[in-house]
Amino acid sequence: MKLIFVEFFKLKMKLRAWLGPILIFLLIIISFPLTVELSSEALNDVFYSILWIASLLTIMVSVESIFLEDYEDGYLEYFYVANNSLFSLIFTKILIYWILIGIPISCLGTFFSINMSDDISSLNIALPSLLISTYIFINLFALGNSLSLNKGSALGALITIPLLFPILILLGKIVLNANFGFEISNLLLLMLGVLLLIIVFIPFIISFIIKTHLE
Amino acid sequence: MFNFAFDNLNSFFYMDGHGIYVWSVFFIVIISTSLMFIFYKNELRKIRKKIIDE
Amino acid sequence: MYPYILYFSVLFYAFALVWGLGFAPADYVQGNSFRIIYLHVPASFLSQSLYIVMAIAAGIFLIWKVKLAAYMIKSIAPVGALVTFIALISGSIWGIPTWGTWWQWDARITSTLILFIMYLGLISLHSSFTNFEKADKFISVLVLIGFVNIPIIKKSVDWWSTLHQPASITLTNKPSIDPTMLYPLIFSMIGFSGIIVSLIILSSKVHIFKRESHKSWVKRNV
Amino acid sequence: MSNSILLKVDNIGFSINQNRLFHNLSFNLKKGKALHIKGNNGSGKSSLIRILLGITPAGKGSILWNKNTDICFLGHKNVLKNYLTLSDNLYIHGIDSNESKTKDILADLGLIKRLDTIVGNLSYGQQKKLALIRIFLNQAKVIILDEPCVGLDDSTRILTTKFLSSELKKNKSIIYTSHIPIDIDSETITLGGNQV
């Protein structure tokens, strides 16, 4: 519990690490309508894919240094010596990133999607799928960045993005089904299941990787 | 089974207009694979030389 | 031993190619352009099976700490990238006469492209570390994660869209192509695999010598 | 293992990139004793400490810690967040900067007036002092220090020595490496003896 407070405090004090990504998300969302024809129909067709890609890019930018600073000032070592395990730290870090970045951009994205499509039903498409998918994205980008720790974030993104394609396809399917008026709850449940698997396994893998980095 | 599928060698190379695709694929593959072979041969020679020099 | 495998498989592949290119009958629908199959199918088969071999090696390395397995991963990765590149380029050139376009956002093509990017990611991950022992561990973890992910990617991309013809040869079903085309295909698969295997032997030789250059048995063998 | 022995190191060896740093190294750490690891640069002092901490695996041999031994460790890295203030940094390590004991130590080190300064603006020596506070306030049974005195002024070094000898009296154990002599009662392990 104390760990959550400490990690929350650390990230909260680093404005550029969480406010920056949220602003980037806003900028991407704003910049797409400028490049598409300004008729709202054309925009409606692609709006959700803009939303997914924008959240993906935002998470990519925000997670790039998730472990870097703690690695460089020795905090990871300190934590490992004190607790003999890194799992709880990594799990908490990812959770805090989701709370400070994932939830705000999910809310922002939902807000814009209401505005764009004049359709309140998008509230139950965009919000849950954004909430779940941002958590998955943060987990996987954290994995990629732990592999490429202190070797630059481009490598991490190169490793991670191929792993994200299934989630993107799933998100696309959700919108497609919603447009045809089909049920989407089963797809959302599938995504939730993926999330549950990822929540358990990814921190384990990351702690193995970071342990290797410390050696 | 072993009848030559073309009338003559010319049509074998031409392949009803598809020859350019077929032959360009084989050309690219042969070039890239042999480049890889040459690269590794070179590396091996360098390492051998280094070990012998020691 | 390695040069004999190479010479033998080059001869074998040349034989299969002459058979396939010159003697097999033209395809009823696709005409003569189908002859690219004698390259495309072996390459796309190998692009996936090499990844499986790497995943097995990664498992062996992580569980039993066999160093040789890590060298295998390192030496297979560039060859796998080459083979995947061959599969991609032969596929897209084949697409020009048959589909009228060199690129389609089709499931199998896209997943092969993703596989290619993953191979490149593996190579760049390994080469960005100066401590090879750490790099070996990281690359094995990544190979295993990719191994879990590749079927998922394939399935999801299949779900997304499919235009590609289904696999011509599967182990379980009766082959759907004519024996006069099938036999040269099987021969070309064996020959092409032989060439690639000898390339892997060569590259793993390079890596073993590089990493174990101080050991006395290496010095004796040089 | 008897109760007075906290750590038993048996026959360990370690090499980096085929370069053998030490082998057949055995020693024990007893309660209330200090160990000084000596050696030239690159002789593997820091590696040995990281092996003892369980961060790096040893090539061979065994390391046995007594059960329930908690360790307090300060290495080359200061474990400070340079975008946070001094008191926030203490908070991260679970130290309340308003407690009287903490305040005394802060006053001794001359940092009491700087509690609201961002750590990135402090000098290297001041940062090192701040990192030492964590060691001074710890409750652990074993203290492991890797070059604690680099960059410290004389008064702080004396303070550190005084602190360490008082800890020894409290039956705590210390393992340290230092090029700058620390005047406490300790056994010495010299690394790189069998190297030319």
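The values are calculated or read from the model by the stated rules, or taken from the named source; none is laboratory data. Treat the numbers as computed from the prediction; the structure is a model and nothing was measured. As a convention, Cβ positions derive from the backbone with ideal geometry for all residues, glycine included, and neighbour counts pool all protein chains shown. For the accessible areas, the whole protein counts, side chains as well, though only heavy atoms, and no ligand, DNA or RNA atoms are used. Shrake-Rupley method; radii C 1.70, N 1.55, O 1.52, S 1.80 Å.
What value, in deg cm²/dmol to 500, does the helix sum -39500 (n - 2.57) over DSSP H runs of n ≥ 4 give at 222 nm once divided by the residues of chain A? Before the final figure, lay out the partial values.
Numbers: 10 runs with 180 residues, N = 215.
Using -39500 (n - 2.57) per qualifying helix, the result is -28500 deg cm²/dmol.
Can you figure out the FRET efficiency of residue A:34 with residue A:197, using R₀ = 30 Å and their beta-carbon distance, to the nearest 0.05?
On the way: r = 39 Å, r/R0 = 1.29.
For R0 = 30 Å, the calculated efficiency reads 0.20.
Once the Cβ-Cβ distance between residue C:221 and residue D:64 is put in as r, and R0 is 51 Å, what FRET efficiency do you end up with, to the nearest 0.05?
0.80
Counting only protein heavy atoms, what percent of the accessible surface of segment D:78-137 is carbon or sulfur at a 1.4 Å probe?
Working: 1110 of 2590 Å².
Whole-percent figure for carbon plus sulfur exposure: 43.
At a probe radius of 1.4 Å, figure out the A/C buried accessible area, summed over both chains, and give it in Å² to the nearest 100. Numbers along the way, then the final one.
On the way: alone 10960 and 12840 Å², together 21750 Å².
About 2000 Å² of accessible surface is lost on pairing.
With all pairs of different alpha carbon atoms counted, what Kirkwood hydrodynamic radius in Å does the protein assembly as shown show?
Its Kirkwood hydrodynamic radius stands at 29.5 Å.
Helix B:19-53 versus the longest principal axis of chain B: what angle, 0 to 90°, nearest 10, using Cα atoms?
So the inclination is approximately 10 degrees.
Per residue of A:144-152, what is the mean number of Cβ atoms on other protein chains within 10 angstrom of that residue's Cβ?
Working: counts 4, 0, 2, 9, 7, 1, 1, 5, 1.
Other-chain Cβ atoms within 10 Å of each residue's Cβ, averaged: 3.
Quick one: if the Förster radius is 56 Å, what FRET efficiency do residue C:158 and residue D:185 give, using the C-beta to C-beta distance and rounding to 0.05?
Numbers: r = 72 Å, r/R0 = 1.29.
Calculated value: 0.20.
Chain pair D, A: how much accessible area is buried, both chains summed, with a 1.4 Å probe, in Å² to 100? Mind dumping the intermediate values first?
Working: alone 10560 and 10960 Å², together 19580 Å².
When D and A are taken together, about 1900 Å² of accessible area is lost.
Tell me which of A:175, D:54, C:46 sits at the most positive position along the dipole axis of the protein assembly as shown, charges placed on C-beta atoms (Lys, Arg +1; Asp, Glu -1).
D:54
Towards the positive end of the charge dipole of segment D:78-137, with charges on Cβ (+1 Lys, Arg; -1 Asp, Glu), say which of D:115, D:102, D:130 has the farthest Cα.
Of D:115, D:102, D:130, it is D:130.
Could you tell me what percent of the DSSP beta bridges with both partners in the protein assembly as shown are antiparallel, to the nearest 5?
On the way: 15 of 32 bridges.
Beta bridges within the protein assembly as shown, antiparallel portion: roughly 45 percent.
For chain B, what is the mean residue ellipticity at 222 nm derived from helices alone (per DSSP H run of n ≥ 4: -39500 (n - 2.57); sum divided by total residues; nearest 500 deg cm²/dmol)? Could the numbers behind the result be given before it?
Details: 2 runs with 41 residues, N = 54.
Dividing the helical sum by the residues of chain B leaves -26000 deg cm²/dmol.
Per DSSP H run of at least 4 residues, take -39500 (n - 2.57); add these up for chain D, divide by its residues and hand me the 222 nm value, nearest 500 deg cm²/dmol. If you can, show how the numbers build up before the last one.
Details: 5 runs with 54 residues, N = 196.
-8500 deg cm²/dmol, from helical runs alone.
Provide the packing ranking of C:100-110, A:142-152, i.e. peptides ordered by the mean count of other C-beta atoms within 10 Å per residue, highest first. Mind showing how you got there, number by number?
Working: C:100-110: 15.4, A:142-152: 22.7.
Peptide ranking by packing, descending: A:142-152, C:100-110.
Quote the charge dipole size of the protein assembly as shown about the Cα centre in Debye, to the nearest 20; the model charges only the Cβ of Lys and Arg (+1) and of Asp and Glu (-1). Spell out each step's value before the answer.
Details: 56 positive and 42 negative charges, 610 e Å.
That gives a dipole near 2920 debye.
Per residue of segment C:54-67, what does 6.51 cos²θ - 1.76 cosθ + 1.60 with θ = phi - 60° give for ³J(HN,Hα)? Whole Hz please, x for Gly and Pro, Karplus curve as stated.
4, 5, 4, 4, 5, x, 4, 5, 6, 8, 9, 6, 7, 5
Over chain D, with the other protein chains present, what is the accessible area per residue in square angstrom, probe 1.4 angstrom? All intermediate terms of the calculation are to be shown ahead of the outcome.
Working: 9460 Å² over 196 residues.
Normalised by residue count, the accessible surface of chain D is 48 Å².
With just the Cα atoms defining each centre, how far is segment D:112-171 from segment C:94-124? Give it in Å.
When both Cα centres are located, 59 Å separates them.
Between segment D:46-63 and segment C:42-61, what is the separation of their alpha carbon centroids in Å?
Using only Cα atoms, the two centres lie 35 Å from each other.
So what is the relative contact order of chain C, in percent, for Cα pairs below 8 Å that sit 6 or more residues apart?
Details: 236 pairs, mean separation 79.6, N = 222.
Over chain C, the number comes to 36 percent.
Calculate one ³J(HN,Hα) per residue across segment C:126-132 by plugging θ = phi - 60° into the Karplus curve 6.51 cos²θ - 1.76 cosθ + 1.60, and present them in order as whole Hz with x for glycine and proline.
Once θ is set to phi - 60°, the couplings for segment C:126-132 become 5, 7, 8, 10, 8, 8, 5 Hz.
Under a point-charge model restricted to the Cβ atoms of Lys and Arg (+1) and Asp and Glu (-1), what is the dipole moment magnitude of segment D:78-137 relative to its Cα centre, in debye to the nearest 20? Provide the component values of the computation, followed by the final result.
Details: 8 positive and 6 negative charges, 38 e Å.
Roughly 180 debye, rounded to the nearest 20.
Would you grab the residues whose amide H sits under 5 Å from the one on residue D:191? Only those 5+ places off in sequence or on another chain, please, with H modelled 1.01 Å from N.
Amide H to amide H, under 5 Å and 5 or more residues apart or across chains, residue D:191 pairs with D:38, D:39.
Quick one: dipole size for segment A:2-214, taken about the Cα centre, charges +1 on Lys/Arg Cβ and -1 on Asp/Glu Cβ, in debye to the nearest 20.
Numbers: 9 positive and 13 negative charges, 120 e Å.
Roughly 580 debye, rounded to the nearest 20.
Which residues does the label zone of residue A:3 cover in segment A:63-96, counting backbone N under 15 Å from a point 7 Å along Cα→Cβ?
From segment A:63-96, the list is A:75-96.
How big is segment D:78-137 along each principal axis, measuring the range of its Cα positions in Å and listing the largest first?
Between the extreme Cα coordinates on each principal axis of segment D:78-137 lie 25, 20, 20 Å.
Roughly how crowded by other chains is peptide C:82-88, in terms of the mean Cβ count from those chains within 10 Å of each of its Cβ atoms? It would help to have the intermediate numbers written out before the result.
Working: counts 5, 3, 0, 3, 5, 0, 0.
Mean number of neighbouring Cβ atoms from other chains: 2.
Normalising by the residue count of chain A, find the relative contact order in percent from Cα pairs under 8 Å and 6+ residues apart. Write out the running numbers ahead of the final one.
On the way: 201 pairs, mean separation 51.7, N = 215.
Answer for chain A is 24 percent.
So which of D:101/D:169; C:67/D:81; C:134/D:81; B:50/D:77; D:8/D:162; A:14/D:129 end up more than 31 Å apart by C-alpha? Don't skip to the end; give the middle numbers.
Values: D:101/D:169 19 Å; C:67/D:81 38 Å; C:134/D:81 27 Å; B:50/D:77 38 Å; D:8/D:162 27 Å; A:14/D:129 24 Å.
Distance filter (> 31 Å) returns C:67/D:81; B:50/D:77.
In degrees, nearest 10, range 0 to 90: what is the angle between the Cα axis of helix A:103-117 and the longest Cα principal axis of chain A?
Once rounded, the angle reads 10 degrees.
Tell me which residues come under 5 Å, amide H to amide H, from residue D:34 once H is placed; ignore anything under 5 positions away on its chain.
Amide H neighbours of residue D:34, under 5 Å, 5+ apart: D:174, D:187.
Work out the charge dipole of the protein assembly as shown with +1 on the Cβ of Lys and Arg and -1 on the Cβ of Asp and Glu about the Cα centre, then indicate which of B:36, C:145, A:212 is farthest towards its positive end.
Looking along the dipole axis, the top candidate is A:212.
Enumerate the calculated ³J(HN,Hα) couplings along segment D:156-172 in order (Karplus 6.51 cos²θ - 1.76 cosθ + 1.60, θ = phi - 60°), each rounded to whole Hz, writing x wherever the residue is Gly or Pro.
These are the phi-based 3J(HN,Hα) values: 5, 5, 4, 4, 4, 4, 4, 4, 5, 5, 5, 5, 4, 5, 7, 6, 8 Hz.
Can you give the angle from 0 to 90° between the axis of helix C:179-211 and the longest principal axis of chain C, with both taken from C-alpha atoms, to the nearest 10?
Approximately 20 degrees, to the nearest ten.
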